[in-house]
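**Q** Before anything else, here's the structure in question.
The values are calculated or read from the model by the stated rules, or taken from the named source; none is laboratory data. Worth saying up front: this structure is predicted, and the values here are computed from it rather than measured. All Cβ positions, glycine included, derive from the backbone under ideal geometry; neighbour counts span all protein chains shown.
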Amino acid sequence: MSPPFTFSPNFLRKDVAGARGSVAKSARVKTRLVVAIDVPTFVRAKHLIETLAGIDVTFKVGYEALYGYGPDLLGLLESRGAAYMLDVKLHDIPRTVHAAVHALVRPGVALLTVHALGGAEMLAAAAEAAAERAAELGIPAPGVLAITILTSLAAKDLRELGLGGGAGENASRLAALARDARCAGIVCSVAEVAAVKSACGDAFIALCPGIRPGGSAHGDQRRIATPGDARAAGADYIVVGRPIVEDADPAAAARAILAELN
């Protein structure tokens, strides 16, 4: 059971540039490649994990897997000692997010996501809960990453949502909000990485979805980039799903992307 919510406004750091969570990016994530386990069944997810065994990747657990067969999958990852990212995209009032993060932190969770548009207090509550629960368990705190602008959104979509300016302007503004709330970093497109790093510092994590190797279908992504583009921009981590998961040889696809990153 989560403890009573007692969020302290002091957890918001507006006085120190680059303030962030207690997680060092190199301490929690094995590699710059994060593989999204976006498959409909636990059987397929288990096969994918076994196929990628021995390859230096981190797994991303999103809605489909978490809601469909979450306990089985998290138990499997934990039994294998695999680091993984919980892409839960929390977006609610601060107390609810604090309680949710407290419940989600467990061994193996390297990163978890919240929506930056939840506001400064919500972001700080998430970072605070992650640090508190990790201390209770005696484990390293997972890095809380704030999602800025989804890579499926284009300029037209932002206007419809009432967000003035382009994706880069909005991502930079939300990154500063996340930094001041002591989040470990953000989720953004490759196009926004350079500006975010310039404003928030190199230690502030930039994790980039919307990655498509050359020749891959774009699907529902709008602001995409190749693994090489991400490396050149200074992204810390990239998330790749369908180009690996749907490949006839997922292991070979993952190795090819790692080769491009290195």
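**Q** Criterion first (on the phi < 0 side of the Ramachandran plot, in contact with a strand residue (DSSP E or B) (Cβ under 6 Å, 6 or more places away or on another chain) and small (G, A, S)) does G143 satisfy it?
**A** Considered against the rule, which asks whether it is on the phi < 0 side of the Ramachandran plot, in contact with a strand residue (DSSP E or B) (Cβ under 6 Å, 6 or more places away or on another chain) and small (G, A, S), G143 comes out as yes.
**Q** Against the conditions (1) in contact (Cβ under 8 Å) with a residue 60 or more places away in the chain; (2) surrounded by fewer than 23 Cβ atoms within 10 Å (Cβ to Cβ), where does G70 fall short? Just the number, please.
**A** (1)
**Q** It is to be established whether one or more residues within the stretch 248-255 are at pLDDT below 95 and touching a helix residue (DSSP H, G or I) at 6+ places or on another chain (Cβ under 7 Å).
**A** Within the stretch 248-255, not a single residue is at pLDDT below 95 and touching a helix residue (DSSP H, G or I) at 6+ places or on another chain (Cβ under 7 Å).
**Q** Any residue that is assigned to a helix (DSSP H, G or I) and free of Cβ contacts under 8 Å to residues at least 12 places away in the same chain - is there at least one of those in the stretch 101-114?
**A** no
**Q** Does A134 qualify as being part of a helix (DSSP H, G or I), of a type outside the set (D, E, K, R), touching a helix residue (DSSP H, G or I) at 6+ places or on another chain (Cβ under 9 Å) and within 21 Å of A178 (Cα to Cα)?
**A** Spelling it out, it is not the case that A134 is part of a helix (DSSP H, G or I), of a type outside the set (D, E, K, R), touching a helix residue (DSSP H, G or I) at 6+ places or on another chain (Cβ under 9 Å) and within 21 Å of A178 (Cα to Cα).
**Q** Condition (residue is at pLDDT below 95, within 23 Å of P209 (Cα to Cα) and either under 17 Å from the mean Cα position of the chain (by Cα) or of a type in the set (F, W, Y) (or both)) applied to the stretch 84-107: is it met by at least one residue?
**A** no
**Q** If you check A181 against the conditions, is it within 14 Å of G118 (Cβ to Cβ) and in contact (Cβ under 8 Å) with a residue 40 or more places away in the chain?
**A** The answer is yes for A181.
**Q** Let me ask something else about it. Suppose we keep only residues that are crowded, with 17+ Cβ neighbours inside 10 Å and in a loop (DSSP other than H, G, I, E, B) within the stretch 224-262. Which one would you say is farthest from the chain's Cα centre (by Cα)?
**A** T226
**Q** Among the residues of the stretch 169-188, is there at least one that is small (G, A, S), closer than 24 Å to A82 by Cβ and under 18 Å from the mean Cα position of the chain (by Cα)?
**A** Yes, because at least one residue in the stretch 169-188 is small (G, A, S), closer than 24 Å to A82 by Cβ and under 18 Å from the mean Cα position of the chain (by Cα).
**Q** If you don't mind, another one. Considering only the stretch 38-48, state which residues are farther than 11 Å from V245 by Cβ, touching a residue at least 12 places away in the same chain (Cβ under 8 Å) and not in a loop (DSSP other than H, G, I, E, B).
**A** Of everything in the stretch 38-48, those that are farther than 11 Å from V245 by Cβ, touching a residue at least 12 places away in the same chain (Cβ under 8 Å) and not in a loop (DSSP other than H, G, I, E, B) turn out to be F42, K46.
**Q** Continuing with this model, one more query. Restricting attention to the stretch 77-97, does a residue exist that is out of contact with any Pro (no Cβ under 7 Å at 6 or more places or on another chain), of a type in the set (A, V, I, L, M, F, W, C), under 21 Å from G138 (Cα atoms) and in a helix (DSSP H, G or I)?
**A** Yes, the conditions are met somewhere in the stretch 77-97.
**Q** Can you tell me how many residues in the stretch 28-40 are closer than 24 Å to G234 by Cα and at pLDDT 95 or above?
**A** Looking only at that region, the number is 4.
**Q** I'd like the full set of residues that are touching a residue at least 40 places away in the same chain (Cβ under 8 Å), more than 21 Å from V193 (Cα to Cα) and among the small types (G, A, S), limited to the stretch 135-154.
**A** Correct list: A141 only.
**Q** Another question, then. Within the stretch 41-61, does at least one residue satisfy the condition of being surrounded by fewer than 19 Cβ atoms within 10 Å (Cβ to Cβ), in contact with a Leu (Cβ under 8 Å, 6 or more places away or on another chain) and modelled with pLDDT of 95 or more?
**A** Within the stretch 41-61, one or more residues are surrounded by fewer than 19 Cβ atoms within 10 Å (Cβ to Cβ), in contact with a Leu (Cβ under 8 Å, 6 or more places away or on another chain) and modelled with pLDDT of 95 or more.
**Q** Ok, one more. From V109, V114, grab the single residue that is in contact with a Phe, Trp or Tyr (Cβ under 7 Å, 6 or more places away or on another chain), crowded, with 20+ Cβ neighbours inside 10 Å and closer than 23 Å to L33 by Cα.
**A** Just a single option satisfies the conditions, and that option is V109.
**Q** Test S2 against the stated conditions and say whether it is on the phi < 0 side of the Ramachandran plot, modelled with pLDDT under 95 and not in a helix (DSSP H, G or I).
**A** The answer is yes for S2.
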